[in-house]
Ligand code: FPP
């Protein structure tokens, strides 16, 4: 699965001296060799953050956009190769009031215009996943512009999931794969997991090592369904507008305490009894 992965950003440069003293203290506890390559975040709680303060929901989204920038900058300082943020789902597009959808789109445009310089300074490369061709043409133009402006940066790749849904990604992948099979006269029993991976929006990146969800909900919400098969999940009660670089580092700290087994038995798996008759489970 790793063969088609974009190698440009396998180890982005570190800028630890640019971390805040608090961030540096957490970073100092991390094992550099155990850093995740790819962190994905479900940014949730903008509305509740605003509600708690008797503010309108859009203020929560504005503050959420600030968190996007600050968290991405910390990610780039610690040399995280891939950061993927769930910014706007297909369901958000279909189920939220039109006024909120249109506000989120304008916010995205303003965000892209207003932050491209900081992206350059921080060596961040921009990418997108999702059915972005369904977004308004002026938004798509802005997205393309930022992607092109930052294409040669070699630090963190920030991928925004926009008009994204995990099931529709799989559907698009299967359609692409079926078209390829038809073209190449391939039989279904020759299809491999690698073939499906090649047709995902994320074919150029590794699967996430760590998935963070803010605001306490314990749901996947149709995000990266194929890719998170072995991803470690970290849920925090903190609302996204309050989430900062230090919280990303704390999530990584928690991640480093986990043992990833990928269906195996791990390092201290103990002895395995080879004779099933000896383990004393009576058949009933
Ligand atoms: C969830 O909060 C967040 C979203 C639906 C959109 C995420 C958008 C941002 C972080 C801001 C804009 C992003 C960019 C890239 C400019 P919610 O509204 O579902 O919160 P709630 O569950 O508390 O109502």
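Scan segment 100-126 residue by residue and report those that are surrounded by fewer than 20 Cβ atoms within 10 Å (Cβ to Cβ) and more than 28 Å from residue 56 (Cα to Cα).
Within segment 100-126, 117, 120, 121, 123 meet the criteria.
Show the residue pairs meeting these rules: Cβ distance below 6 Å; 6+ apart or different chains; first residue within segment 39-67 and farther than 29 Å from residue 208 by Cα and modelled with pLDDT of 95 or more; second residue assigned to a helix (DSSP H, G or I) and within 7 Å of the ligand (Cβ to nearest atom).
So the pair list comes out as 50/57; 50/60; 57/47.
Failed condition for residue 233, given (1) under 26 Å from residue 45 (Cβ atoms); (2) surrounded by 17 or more Cβ atoms within 10 Å (Cβ to Cβ); (3) out of contact with any helix residue (DSSP H, G or I) (no Cβ under 8 Å at 6 or more places or on another chain), with all others met?
Every listed condition holds for residue 233 apart from (2).
Return only the number of the condition from (1) farther than 18 Å from residue 205 by Cα; (2) away from the ligand (no atom under 16 Å from the Cβ); (3) surrounded by 18 or more Cβ atoms within 10 Å (Cβ to Cβ); (4) at pLDDT below 95 that residue 14 does not satisfy.
So residue 14 meets the others, but not (3).
On the basis of being within 16 Å of the chain's Cα centre (by Cα) and within 14 Å of the ligand (Cβ to nearest atom), does residue 102 make the cut? Let's see the steps before the verdict.
Numbers: within 16 Å of the chain's Cα centre (by Cα): no; within 14 Å of the ligand (Cβ to nearest atom): yes.
In short, no.
Across segment 147-202, what is the number of residues that are under 23 Å from residue 86 (Cβ atoms) and modelled with pLDDT under 95?
0
Test residue 186 against the stated conditions and say whether it is exposed (fewer than 15 other Cβ atoms within 10 Å of the Cβ), out of contact with any strand residue (DSSP E or B) (no Cβ under 9 Å at 6 or more places or on another chain) and assigned to a loop (DSSP other than H, G, I, E, B).
Details: exposed (fewer than 15 other Cβ atoms within 10 Å of the Cβ): yes; out of contact with any strand residue (DSSP E or B) (no Cβ under 9 Å at 6 or more places or on another chain): yes; assigned to a loop (DSSP other than H, G, I, E, B): yes.
Against the criterion (exposed (fewer than 15 other Cβ atoms within 10 Å of the Cβ), out of contact with any strand residue (DSSP E or B) (no Cβ under 9 Å at 6 or more places or on another chain) and assigned to a loop (DSSP other than H, G, I, E, B)), residue 186 qualifies.
Output the residues belonging to segment 244-284 that are in a loop (DSSP other than H, G, I, E, B) and modelled with pLDDT of 90 or more. Reasoning before the result, please.
Initial filter on segment 244-284 (in a loop (DSSP other than H, G, I, E, B)): 244, 257-275, 280-284.
244, 257, 258, listed by residue number.
Looking at segment 82-95, is at least one residue at pLDDT 95 or above, assigned to a helix (DSSP H, G or I) and at negative phi?
The answer is no; no qualifying residue exists.
In segment 37-55, which residue that is crowded, with 16+ Cβ neighbours inside 10 Å and more than 7 Å from the ligand (Cβ to nearest atom) is farthest from residue 206 (Cα to Cα)?
Filtering segment 37-55 for residues that are crowded, with 16+ Cβ neighbours inside 10 Å and more than 7 Å from the ligand (Cβ to nearest atom), the one farthest from residue 206 (Cα to Cα) comes out as 50.
I'm trying to understand the selection: among the residues of segment 17-33, which are at pLDDT 95 or above and either on the phi > 0 side of the Ramachandran plot or outside any loop (DSSP other than H, G, I, E, B) (or both)? Quick ask: steps written out before the conclusion?
Going through segment 17-33, the residues at pLDDT 95 or above turn out to be 17-31.
Matches in segment 17-33: 17, 18, 21, 22, 23, 24, 25, 26, 27.
Between 218, 227, which is part of a loop (DSSP other than H, G, I, E, B) and farther than 19 Å from residue 82 by Cβ? Give the derivation first.
On the way: 227 fails: farther than 19 Å from residue 82 by Cβ.
Result of the check over 218, 227: 218.
Can you find a residue in segment 90-98 that is surrounded by 17 or more Cβ atoms within 10 Å (Cβ to Cβ), more than 11 Å from the ligand (Cβ to nearest atom) and farther than 30 Å from residue 30 by Cβ?
yes
In contact with a helix residue (DSSP H, G or I) (Cβ under 9 Å, 6 or more places away or on another chain) and away from the ligand (no atom under 11 Å from the Cβ): which single residue out of 27, 111 fits that description? Spell out the reasoning first.
Working: 111 fails: away from the ligand (no atom under 11 Å from the Cβ).
One residue alone meets the criteria, 27.
What number of residues within segment 228-242 are touching a strand residue (DSSP E or B) at 6+ places or on another chain (Cβ under 9 Å), more than 16 Å from the ligand (Cβ to nearest atom) and without any contact (Cβ under 8 Å) to a residue 60 or more places away in the chain? I'd like the intermediate steps shown before the answer.
Taking segment 228-242 as the starting set, the residues that turn out to be touching a strand residue (DSSP E or B) at 6+ places or on another chain (Cβ under 9 Å) are 228, 231-236, 240.
Retained after the next criterion (residues that are more than 16 Å from the ligand (Cβ to nearest atom)): 228, 231-234.
With the extra rule that they be without any contact (Cβ under 8 Å) to a residue 60 or more places away in the chain, the set shrinks to 232-234.
Qualifying residue count for the region: 3.
Looking at the structure I just gave you, is residue 118 at pLDDT 95 or above and touching a strand residue (DSSP E or B) at 6+ places or on another chain (Cβ under 9 Å)? Before you say what the answer is, go through the steps one by one.
Numbers: at pLDDT 95 or above: yes; touching a strand residue (DSSP E or B) at 6+ places or on another chain (Cβ under 9 Å): no.
Judged against the criteria, residue 118 is not a match.
The values are calculated or read from the model by the stated rules, or taken from the named source; none is laboratory data. These figures come from a predicted structure and were not determined experimentally. Reconstructed Cβ throughout: ideal geometry from the backbone, glycine too, with neighbour counts over all protein chains shown.
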